[in-house]
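The values are calculated or read from the model by the stated rules, or taken from the named source; none is laboratory data. A quick note: this is a predicted structure, and the numbers were derived from the prediction, not measured. Ideal geometry is used to build each Cβ from the backbone, glycine not excepted, and the neighbour counts take in all protein chains shown.
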Amino acid sequence: MTLFTEQQYQKLLENGKPENRDKNHAPVAHLTLPGTACEWLVSELDPEDVHIAFGLCDLGQGFPELGYIDLNELQRIKIGIFGFTVFNNPLFVPKYKMSVYAEAARNASQITRDEVLLEQAHQKLLKQNQRDLKL
């Protein structure tokens, strides 16, 4: 099973190159596990180990966090009698950088795509950045 489209895969690899690490990329893919509150916003793949991704992880326990994701582990998950597996949400279109999604997720205690919450997080981060530039 492939979690990403070819275009997403190439963008994830590009974002994961050493010269691009530690940058505030927009998420490239939204992964979700049907029947659960688990979801992931993925922004990078490790070019040396393409089964390791980086992104915003939400296991549905109220504590979303940025971290590394073992894609092999995700692909082994099967839920319920129908064996639902993690899939790539084809309707997801990122509008913000990962820092905005992470801030909004911390505020909402879950990954959110609520436009009001995302815009509030975006404005908060802009103000923080402006303050930091003045220091």
Of those in the stretch 44-96 that are touching a residue at least 60 places away in the same chain (Cβ under 8 Å) and of a type in the set (Phe, Trp, Tyr), the residue nearest to ALA121 (Cα to Cα) is TYR96
Within the stretch 77-84, can one find any residue that is of a type in the set (Val, Ile, Thr) and surrounded by 12 or more Cβ atoms within 10 Å (Cβ to Cβ)? yes
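Test of understanding: among LEU12, LEU3, which residue is in contact with a Leu (Cβ under 6 Å, 6 or more places away or on another chain) and either surrounded by 14 or more Cβ atoms within 10 Å (Cβ to Cβ) or aliphatic (A, V, I, L, M) (or both)?
Numbers: LEU3 fails: in contact with a Leu (Cβ under 6 Å, 6 or more places away or on another chain).
Answer to the check: LEU12.
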Residues of the stretch 81-105 being under 14 Å from the mean Cα position of the chain (by Cα) and among the hydroxyl-bearing types (Ser, Thr, Tyr), in sequence order, are TYR96, SER99, TYR101
Can you tell me which residues in the stretch 60-80 are within 16 Å of the chain's Cα centre (by Cα) and under 22 Å from ARG21 (Cα atoms)? PRO64, GLU65, LEU66, GLY67, TYR68, ILE69, ASP70, LEU71
Pairs, please: C-beta under 7 Å, at least 6 apart or cross-chain, first residue more than 15 Å from ILE69 (Cβ to Cβ) and in the stretch 14-31, second among the aliphatic types (A, V, I, L, M) and surrounded by 12 or more Cβ atoms within 10 Å (Cβ to Cβ)? ASN24/MET98; ALA26/MET98
Going residue by residue through the stretch 34-42, is there one that turns out to be on the phi < 0 side of the Ramachandran plot, at pLDDT below 95 and surrounded by fewer than 13 Cβ atoms within 10 Å (Cβ to Cβ)? yes
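Looking for something over 26 Å from ALA108 (Cα atoms) and touching a Pro at 6+ places or on another chain (Cβ under 6 Å) - is there at least one such residue anywhere in the stretch 58-68?
Within the stretch 58-68, the subset over 26 Å from ALA108 (Cα atoms) is none.
Among the residues of the stretch 58-68, not one is over 26 Å from ALA108 (Cα atoms) and touching a Pro at 6+ places or on another chain (Cβ under 6 Å), which makes the answer no.
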